[in-house]
Structure formats: structure tokens, C-alpha cells
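Right, one structure below, let's go through it.
The values are calculated or read from the model by the stated rules, or taken from the named source; none is laboratory data. Remember, it's a predicted structure, so these values are computed and weren't measured experimentally. Neighbour counts are summed over all protein chains in view; Cβ atoms, including those assigned to glycine, are modelled from backbone coordinates with ideal geometry. Protein only, heavy atoms only, side chains kept; ligands, DNA and RNA dropped before computing areas. Shrake-Rupley method; radii C 1.70, N 1.55, O 1.52, S 1.80 Å.
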Amino acid sequence: MASVCVLIGLVLCMFSRISPTLGSEDRCVANRWTVNPDADAKFTYLISLHEVEDDHTCGELRVSSVMYMAILEWAVNKLNAADYVPGVKIGFDVYGDCAVSRYTLRNVLDALGRSYPPAINNCSGDSGTMHLGIIGPTSSQATEAVLHMLNGTSVPVLAPYATLPELSRYSNFLRTTPSDMQQVKVIVNMMVQFGFTYVAGVYTDDNYGVGGMRAVKELAESEGICIEAMHQVNHVASTENFLAYEEVITKLQEQQKRSRDESLGVVYFGNQKTIRFLLYVAENKKTDSNALEKLIWIMSDFVGKDEKTFEDAQDVSKNVFLVSPSLTELKNLQTGVEEKWKNAGSSPNATVVDDLILSFNSNTGGPSLPWDGYMQPTLDAVYALAETLRRKHAQLCGNVTGMCDGLKNVSYEALLSELQNVNVSYPDIGTGAVPTGFIEHGRNLSFYEDGEIIPDATRPLYDINKYDGDAEGGKKFNLVGQYVKDALQLNTTEFPIQGPLLSVCDKTCPRCQTKTEFPYILLEGDLYLIGIFSNHEQNGEEPFQCGEFRKVAPDVIATEAFLHSLDRLGSLTGHKFGALVFDDCYSPVRTNLMMSSFMSGFDDLLGNVSVDPKQIVGVVGAPSSGVSVPLALFFSRLNINMVSPSASSPDLDDRINYPHFLRTVPSDIQQANAMAELISEMGWKFVSLLYMNNNYGSKGAEAFLRIAAEKKICVVDPPVTLPETPDTNYNLLSTIQEIRKQTPRVVVYFGTITRMNDIFDALNLLYDNTASTRDEFIFVASEDWGDDKRILQTAKSVARGSITLKNDIYNSADIGFGEYILNKNAENNLRNPWFKDFWTNYFRCNIEGSFDQRYDTQCNDERFTRQDIDTFLRDQRVIHVMNAVYAIGEGLGRAIAELCPDGDPVCDRLFKDADTVTDYIRSVELKDDKTPFRVFKDDGNGEIGFKILNVHENGDQYSYKEVGTYDGSRLTLNKESLKFYDTSGKETSIDATCTGDRCQKCVNLVRQTEPTVAGNSTSCGMIATDTFRLPDIIMIGVLGGLVLLLLVALLVVCCCFTCRIKASEKRLKGEIRTRSGNPLYVNEQDRKSRPDGALPVPPDIHIRNRQTNSSESIQEWQQIQQILNLRQPLPGERISGDNVPVTSQEFLDAFSQSTQVPRQQPELQQILREQQQQQQQPPPPPQQQQQQQQQYQRRTFYPSEYPAQSGSPYTTNNHSFFPESQRRQLQIQKQHFPVTDEMRPVTYPPRSQYHQGDRSYDFQDQQETVPNGYLTTMNSPEQTRPPTTFSQDELPFATLPRTIDRHMKANRNNRILSANSTERISRV
């Protein structure tokens, strides 16, 4: 219990800080009502006594909550009267929380705090009363908050009302009511028995509503029921949310229009007050059609059987079904509670329950009690705690009556352990202490290990009631069914249904057809092949989801061919091949997501697939080039071989990036050659180009343009593009109008059969609904159209005369596929999740229960005919899929025999030597009627050519006629068999030559260089593929501008480097200039190269480094240059303008102004007077001048100890230099500036010299360090002034240098001369 004490103390402190409304007084008084205040043992009952007006305000008193209090009081008093626990009186405290979680937490803290010493809680409490645990709260959300707060404390929490399944994860949680998972089964079973397949969902935004509706949706979808839309509402019902309620009702009305007869089932998972508001809004939103009355509601148990819920919405509540815990008749309890309700206020022994009943009766006039199924869970919780207390009393107290010491000190852990193993037998307790109904039914109470109640198999778990607002005498809820032993028993003949009880999709419901999950087929095996097919279109708006089912494409039959071939592969190879089959929905984005999710194992996007990705040894697919290109790169990096039955993009010829990719079809380059050869053979020189905007279409069109240029075929500019995803008829008509404006007789089409089918739909719509004249152009189409008969049913006369290519299938290795597919139908083919969609579209009928009800007839007993089977067997896609499976299977079998000798069919060498595996697959020879044939060429493309077909018209029938072949190098064409038609259907010829000005606009047109025939256009010639379109020109212009800017930048950089090189050359030549600009020479060689006006270095300037190529000399000469900028003019130096030398007086004036030093300082005035006297004295005699000259020659210039003050006349770069005669002046001034900031130590360099007057001092290997915060000034080495501090603000310069020694070249603030050159510059 110590942990509980600490928890209470901490959380109480937290509440006192975070909630301004919960001060210390509020913590002490927490809306508590006590039943049996003198009890020896108590439990806490948490309940929502009042309605909640908003998220923090309590409303009116709830009659059901007061009724539950009366039920608990009845049970406790019966137990005490029977002395069920010898000598121990049981009571309980009631806390009202208004269904607000934070109030619930406050109440729990108050309840637990009353059982502990005052040191933990300052509130006065019943510290001597034993606490048994908590019953409640009312809602799942509040219960979870309590459990989270008490996690790890072992305080027992029994829940009669909280049904959230996730609560069972808490170790101290038990519940006496079934979880929502049981209720969800009831709701879904009701929809199944009602025949619902298309419904809506409404739920509250709390844990109860969100979790319950999520579970309903998952279970409903497994039963084939589509919950198209789920609408969330606020769990706090108030008038402020009316707009949100209206929006929900409006959406339900919209969904009604998509259901048959506007009859729509609605599942509601939420509380009672919210649905009451929703129904009220629906009642006031009715229209003349009364469509809202056709809503069929199935409501969860939290709504309860309260007539108030529906009294304001009688019309829209005609078909309401309520799920609630089964109600057991408890006569003696109900009689006792009803008598207490009647006699409240007149009893001499009134309790807090009487007070609440009396208060309620005075306000409402005494309503009827809402007996419901929650009486039983409430009673079970009380008797479970009482039985636990009785057992612990027997264990710890023996024959002693009352509260023994052992029982007083029992821990929550011990109570919880006993409670989890309790078994309450109501008949053993006796009639005097329990409801008679429990005894009559022989009821027992116990729990599973996770705290869930073990249901009574002999009694109903749930009741199904239908609301009847017209009934009289209080019979407004009619029992119409019960849930017993996991089975729903409905008696639909005994309850009236207002209108048709049907909720199904009327025509088409796209949201139910497009599934967000990723369906797949799984066949178990030892090693696996992945099959990828395009059974649905791509969703243009959401590329991760599927679009409409592909009605014309044979991919579902190709999927069946894959499965059939895989079944036979085991007998052919001796290995048990399994498979995973996916629908790529023609989307590379979706397919990459599926494959990366599965192969990486990082995500369970596909659910619990029981296949190890390491067992995948090959891939068959994908059909489209757009999906195959990224997949080929993906699986090549994993060293897994991939064989496509139809991807023909030239990009896949790249064996560097796709080394393990093979295909059973030729490249589109070969197909483009065939089309261009055909057009050239027919003498056609003018064609339009229509291509699909994907990899297959664009790459094929690109290849055709290139070959057409070589054959001098004019392709009208611009080519017309067709979107990859399904488009509206309006946009398709716009595409058709673009083609018609080009006035072609021949249109070359590169794209899929599904988009071609859409074009024919749009053309027929144009011709049938307008007065538009039929066009006389024909299509020359790529192999995806092939010889498909279904497209002729759509196209009809529009397709006549067209020419298509079909992959020439020489051989097929399959045996038995015809019989296999003949026996398949929508009922028995359960392993293929896409077969029902194919069946619906192939036979144009609706399958019962399907969300696609677009056709007028229902599927009955349709079967494939022999003609259908023949069509499937001739389909090029089907044959290619089977050949691909056999080729990759047999190749892998041979590779396994060589690379995996230990018998493991999935060994590491199978992936490490992937090139060897590819060679085995490429070299496979299959057999057809005992005739071997190769599937692949040496380059990995298919070993086949093309058949050329022509669409012929025979009355109302249309068929394909083979008119030629193309084997990759040679075209064979039977022109006599070709038929073309005019608009009336008569046979005609096709004139597609360059007559008149029709060839003026060709793709990338250049003029023909050879002579042309008179009368023909001179502009129709060879198509140059090396010219550029407008986007290319713009891109080239942008790149050209960038290159130009780069060249300019390089030029500027070169100029800067040139200037720097010249300056360096001057320095290397030893160039030093005076203030007036006169150059100096430092040696004889340098003198000879100097121009006129050059001066020698003054004799008082000592240069130790005279080599012009020395870095040390450059450093030294730069310092000399700075000195010359300050000194007196040299002999012969030209002085003009600003080059006048500065006098000492000017220096002091400038120095004092720059440093803002008061001129009246005595020492400074003394220095000024000495300078003036020296200037006024007459010139000294020659001997004295010679002494002064010698002294002048020994003067030393030192780098300043501070950076130069900006604007100082003696400033050069970052230094100021002062002769030794002026150094004392500087030192004097420094004494007047105290430093407050921390100063760094100053170390004088070794072997430096210090001069004063006539004496020179040499400091060898000596250092003097100035402590932080001080500056030492000296007139001589022996004389040291006391340390003086001065402010940085008053300093003439910024900071002291940190350290000067022979190894330092620079620091953060100053640039210091290196020791290799000099630490000083001397005038010798």
C-alpha cells in the first residue's frame, strides 16, 4: 500500500496545481454520499449521477443512476442482515462524476485518501475503515483514465458498464459485463440476417464509440458488408453541436440515394443523449419524400431502453433496434426498490438514497423506473466483492467475528488475487441475501484470467428490442431476439417492419469496390514465386488505391493461368512451388509499396503473411512496362529473377541496370519497326499518332517517330496523348477532336486495350448523339489490342478496317488449362478474390450481395462455353503467362540442382550466383506436342514476332483476319486480304499521301534535300529527330545562361588572381615605398632594376633579410613599409599634399582626441611643455647633434600592446608604432584608464630588448607575466609602477594580447610579428 500512498500524495499535489477549480477544499469535499457510514468495510461506487451539459458542467439528475444506487443499497443491506461476513458490516461511498473523466479521477483520489493516515492527505477521512475496491465508472473512457492512474497499485476495479475490449490489459481490472467484442458480433449478425450489404456508421468520438465502430467495420467487411461512410460526432451532446448533427443527417441522406429504394441501415455506437439529439435533428429535417423514415437503426447497448430517447423523433424512429444486456427478472429486488421509491421521505430511517429519490420525485413527479440489463452486472460486482471479503475473513480471522487485525491490514494485492479467483454461487448464498431470480436460474459468477466475465451458457447474453412508438401501456420496447451461445436468434415474424427491411447498393458504390487494403492470393510451398497482374485500373487521385475493375483486359484469366501453371510446376520440377499473387492496379507507386513492405519485413501492410521473404526465388509480372521498370530495378538489386509476359518498353533492354530481367515478348523497337514497315509498304506518308501517356505508350511512340523519320513518313505535329488513368467522356471527346482536326486517314495507336476501348465508347457517343459525320480514318494499333473480341463489341463499326498487331505465339507449353477454367465459376473459385468482378463484367449480370449492381439482370447459372475457352486459350497474355511460369520454374529447378546440392531449395548461392540462375532461365526450352522451343533470345527478349490482323465487317458481325506477319527483320503482307471501309460501310482504299498542304506540320520537320516531284509538297520529307521542341529550347536557354554566368565568374576570379600575383611579384622583388610613393631598393641587383627616382634604404633602417624570394623578408619589409609611413621624410623624397610628416604636438593632439583624455592631466601637461621647449631651443652644437643621432639610431619601435584606435594619425593596418622616447607618454596615459574586464597575461618574449634613454636592456630567457586584471608599466627594468586597473570603455585600444612568445604568430585580436622575423623593428 505504500505505493498507493505515494501515488495519492503526488497526484493530489498535481491536481492542486493544474486545476484552478480544484483547490484543497474541493479535494476534501468530492460530492460523496455514504451508505452505512458505520460500516467496517466499504467499496467506492463511481457513477454519473447527473447528465453532462458540456465538458465540465453537470446537468439534471439521472433516474437510472439513482436506481442503481438503490439496487446497491438493497443488496448490501441484504448481505448485512444475513451476516454474510460474520460481524463485518459492509457499506459504500457514492461519487458522482457527470461522465467527466477529470472529476472521476478527483473522486478516486478522495476515496483512496480516506483510508490512509493524515500525513498523506490533509483531508479528514475514515482511516479505520477497510477499503475493498472500486465499482465503476459509468463510461469506458473514464474507466481507462482510472486504470491508467492506478496502474501498478493493485486496487481492484470492477466495471459493470465499461465494455471497451482494450481495458482487459490492466492487471487490476475485472468486469461483470461482456466486452464490446461480443456486442459487435451481435450487431454484425443482425446485419447478416437482415440481408444488409451496404450500410452507414455513426459513432461518438470517445473510446467507446471509436473502438466499437472500428471493430464493427472490420467484422462487417469479413462478412461482405460494406460500411461506406462512418460519421463521427462529439460524445458531449449539446445544442452547440446542432450544425454537426445536421451535417451527419445530410450525409446519410446522400448515401440513401445510392441504396435501393433509399432504404439504408445505420449502425450507431455511442451514448444515449447524442443519439437523442441526432434523431431530433433528423425529425425536423424530414422532406416530403419521408426518406429519413427509411433509415434502419441498429444501436449499441449504451443507448439503453429509455423512452425519452425517441419521444421527440417518432417518425424517424420507426425502425430502431436496440442491443442491450439480457434482462433477468428479479422480482424481490424490483419490488423492494419500487417500494423504496414510493416511500421516500416517509421512512424513519432515511438514507442518502432516500434523499436523492425525494429530490428527484419533487422535480419529476416520480417517473417509472427504467429496468434494464445493467442491473445484473451491477449486482454481480457487489456480490463478487462481498464473497472476496468473506473468504479473506475466513482465512485471516477464523472463527473470530468482526474485523480482526489480519483483516484490517490486508493488502490490495491479496484482495485482488482473491477476487480474480472468486466463484460466486448464488444458490449457496441463500434467498435472504440475493435476488430470487439468480437462485432460480442457478447463476454462478467467475472470471477468466484476463478479468473478463465467464458468460452463463444457459442464459441469453444480449436482448434485441425494437422500439414501437405507437404502442400503449409502456410496451414501447418489444423483445424480437436474443443472443445465446454465440448465436443470434431473431423472430422477425413477430415484429412489424415499417417499409422494406433492405439495405443494399442500388447501382454502383465505388467506395465499397475500392478497397484500401492489399488483397492477395497465397498458395503454400517450400519456395515461392510472386505473381503480379493488373486486375484494376489505376486510381488517378489516390495512386496507392485501385480504380475501377478492368472490364476488357484478360488479366483475371491470366491470373488463373498463373495459378494453373503453378499447380503443374511441382510435377515438372520436383519442387513444391508456392505463390503470392498481387494486383498492381496499374500503379507503380502501389506496387513498390507492396513489394518493399513485404520484402523488407519492416511493415505489416499485407497483414500476417506466413511467407518468409527469403523464400521468394522469382517473379512473374508485371504486365505493364510502367510497373515493370521500377520492379525490375528493385528485384535486380535483390538478385531475384523476374520474367514479364507483356512489358515491352525499350528501357528494359538495359542489361546493366536490369541484369536479371527477362520477357517473353519482343521489345517495342521491334513493334515500332513492324508498324513503320507496314505503313511504308502501304505507301502511306501522312499519319497521326495517338499514344498513351505512360512508359509503354511514350517509349513506343518515341521509337516509331525515330523509325518513321528514317522512312520519310510524316507524323502530324503534335502527336495526341491519352491519359493513363480513366478519363471522362468529355475529355476523351476533346482528344478525339484533336485527332479529327489533323484530318488523318491513318492513326497510329500505341497504348493499352482499356484506353482504346474508352476511345471507342466516346466515338460512338459522338456519332450517336450528334449530327457529326463519321470519320474515315483507321487505326494501326499496337499488340495490346491484338485480337481481343470484347473490344469489337464496344467499337462495332468504328473499328472496321483497323489493323492491329498481335504477338505471334508459335507454341504453348500448357496442358489442361482449358478443362481447368471450364469448371470455374463465381461460386466455387474462392481462392481468386478478383474472379467475381470478372464474372460480373464478362456475363454482364449482378452477383447477389455484390456492391456492383450496374446491370439489369442477376447472375443465375452462367457458365463458360467451349467458345469462351477457345478465346482464352488463344489470348496472347494467357499463353505468355503460362510460358513465363514454366520457363522460370524449370530454370530455377536446374539452378537449384547445381547450386544447392544439400537439398535446400532456397540456398544462399541461389542469390549470390543470380547471373547463373538467369542463364539457366534464359536457355530453357519448353515443349509443345513434343516439339521443343526456346522462350527467350540471347538478349533476354521473347523469341517471337508479330501477326498482322485486319478488322473485317460481315453484316453486324466483326472479326479479325490475319493479313501478314513480321519476324523482326522481314514483313510479309497480303494486301489483297486487307479491307477498308467508307462511312457507309462500302469497301474503299486509303489515301494517306502528302497532297496539298497536309504535310506542312510534321513532327520535327526538315526540308527534303533531294528533288521533289512537281505538284507534290516540297515540305514533306525526312523527319529529323535531332531538332528541338519549345521545352527543349527553353531548357537549353536556361543552361546557356548559367554557363555564361559561370564564365563571367571565372573571368573575375582570374583577374583577381592576376592582380594578386603582380602584387606578390612586386613584394618578391623587394619593393618598399616611402610615404610619398618613392620606391626603395635593398640590394645592388634590385637597384639596377629600379626606375629613376628610386631611393636607397635609409642607413638607420636595419634589414636582416635581403633575399627577394624569402617569406621572412616579405614579412619584415611589410613592417618596414609601415614604419616609413610614419617617419620623417628621407633625403630626396618628394613631399606634397597629405604626406607632410606629423609632429609630436600633432601626435599628442590626435592621440588625446582619439582617446578622449582630459588635456588638463598634470603629467600630460608636463610632457607638452617639454616638447614645446625642445622646439623653441636653438640647434645644439655638432657634438651634441652627433650624440642625439647615436641615441636616435638605438631607438626601437615596438608593436603596440593594443590594436590601433581608428582615426589615429599613427595608425597603419592594425598596429600603432611609437618610438621609445614617446613610449613613456603612452604608459602615463594608460595609467588613467582602469580595466574592469578580465585581462589576459602578457608575456614578454625572450631575448627582447628594452631601451630607455642611452641605455639598452637585454632580457634573455626571462618572462614577465602581468596578472589578470592588471597592467604593469615600467620606465626601466628595475623600476616597476604599481599595478593599475582601468575600464575597457576608457581604453584607447580594445584589449591586451593574450600571450606573446617565440612560437605565437597571431591571436584572436592582434596580429603579432613572428619570432623568426622579429618581435621588434629597430632603427640601428
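The gain in end-to-end length when the Asp861 to Glu247 segment is fully stretched comes to 216.6 nm, 0.36 nm per residue minus the alpha carbon separation. Here the spin labels are modelled as points 7 Å beyond Cα on the Cα-Cβ line, and at Glu166 and Met149 they lie 1.9 nm apart.
With every protein chain present, what accessible area does Thr871 have (1.4 Å probe, heavy atoms only), rounded to the nearest 10 Å²? Counting only protein heavy atoms, the figure is 40 Å². Each Cα pair under 8 Å and six or more residues apart adds its separation to the average, and for the stretch 829-885 the resulting relative contact order is 18 percent.
Less than 5 angstrom separates the built amide H of Gly531 from those of Leu580, Val581, Phe582, Val620, all sequence-distant by 5 or more or on a different chain. Once the Cβ-Cβ distance of Leu765 and Asp506 is raised to the sixth power relative to R0 = 30 Å, the FRET efficiency obtained is 0.80. Rounded to the nearest 10 square angstrom, Trp834 shows an accessible area of 10 square angstrom against a 1.4 Å probe. Starting from the Cα gyration tensor of the stretch 692-740, take the square roots of the eigenvalues, sort them a ≥ b ≥ c, and report rounded, prolate or oblate (rounded when a/c is under 1.5, otherwise prolate if a/b is larger than b/c, else oblate). Since a/c reaches 1.5 but b/c is at least a/b, the shape of the stretch 692-740 is classed as oblate.
With both labels modelled 7 Å from their Cα along Cα-to-Cβ, the Asp928 to Asn693 distance reads 3.9 nm. Here the calculated FRET efficiency for Ser425 and Arg214, from their Cβ-Cβ distance with R0 = 51 Å, stands at 0.85, rounded to the nearest 0.05. In a DSSP loop and with at most 16 other Cβ atoms within 10 Å, the trypsin sites (Lys or Arg not before Pro) in the stretch 617-684 are Arg655. Ignoring ligands, DNA and RNA, what percent of the 1.4 Å accessible area of the stretch 189-313 is carbon and sulfur? The value for the stretch 189-313 is 42 percent carbon and sulfur by accessible area. Shape class of the stretch 518-559 from the alpha-carbon gyration tensor: oblate, with a/c at 1.5 or above and b/c at least as large as a/b. Sequentially through the stretch 625-637, phi angles give Karplus couplings (6.51, -1.76, 1.60; θ = phi - 60°) of 5, x, 8, 5, 4, x, 5, 4, 5, 4, 6, 5, 5 Hz, Gly and Pro residues having no value and appearing as x. Were the residues from Arg260 through Asp653 laid out at 0.36 nm apart, the gain over their Cα-Cα distance would be 136.2 nm. Electrostatic bookkeeping for Lys979 treats Lys and Arg as +1 and Asp and Glu as -1; over the other residues with beta carbon under 15 Å from its beta carbon, the sum is -1.
Counting other Cβ atoms within 10 Å, keep those with at most 10, restrict to DSSP loop, and tell me which trypsin sites (Lys or Arg not before Pro) in the stretch 420-486 are left. Taking the stretch 420-486 and a limit of 10 other Cβ atoms within 10 Å, the loop trypsin sites (Lys or Arg not before Pro) found are Lys475. Indicate the gyration tensor shape class of the stretch 310-362 (rounded, prolate or oblate), computed on the Cα atoms with a ≥ b ≥ c the square roots of the eigenvalues: a/c under 1.5 is rounded; otherwise a/b larger than b/c is prolate and the rest oblate. Note, shape of the stretch 310-362 comes out oblate.
In a fully extended conformation the segment linking Met181 and Asn284 would gain 33.6 nm over its present Cα-Cα distance, using 0.36 nm per residue.
Here the 3J(HN,Hα) profile of the stretch 291-297, calculated from phi with Karplus coefficients 6.51, -1.76 and 1.60 at θ = phi - 60°, is 5, 5, 6, 8, 6, 10, 8 Hz, Gly and Pro shown as x. Over the stretch 770-866, Cα pairs under 8 Å with separation of 6+ residues give a relative contact order of 19 percent. Couplings for the stretch 70-76, taken from phi via the Karplus curve 6.51 cos²θ - 1.76 cosθ + 1.60 with θ = phi - 60°, read 5, 5, 5, 4, 4, 5, 5 Hz in order; Gly and Pro are left as x. If R0 is 51 Å, the Cβ-Cβ spacing of Met1035 and Phe602 corresponds to a FRET efficiency of close to 0.85. For the cross-link pairs Lys824/Lys947; Lys796/Lys986; Lys185/Lys475, which exceed 21 Å when the distance is taken from alpha carbon to alpha carbon? Pairs exceeding 21 Å: Lys824/Lys947; Lys185/Lys475. Approximating the spin labels as points 7 Å out from Cα along Cα→Cβ, the Lys741-to-Leu1050 distance works out to 4.5 nm. To the nearest 10, the accessible area of Ile990 is 20 Å² with a 1.4 Å probe.
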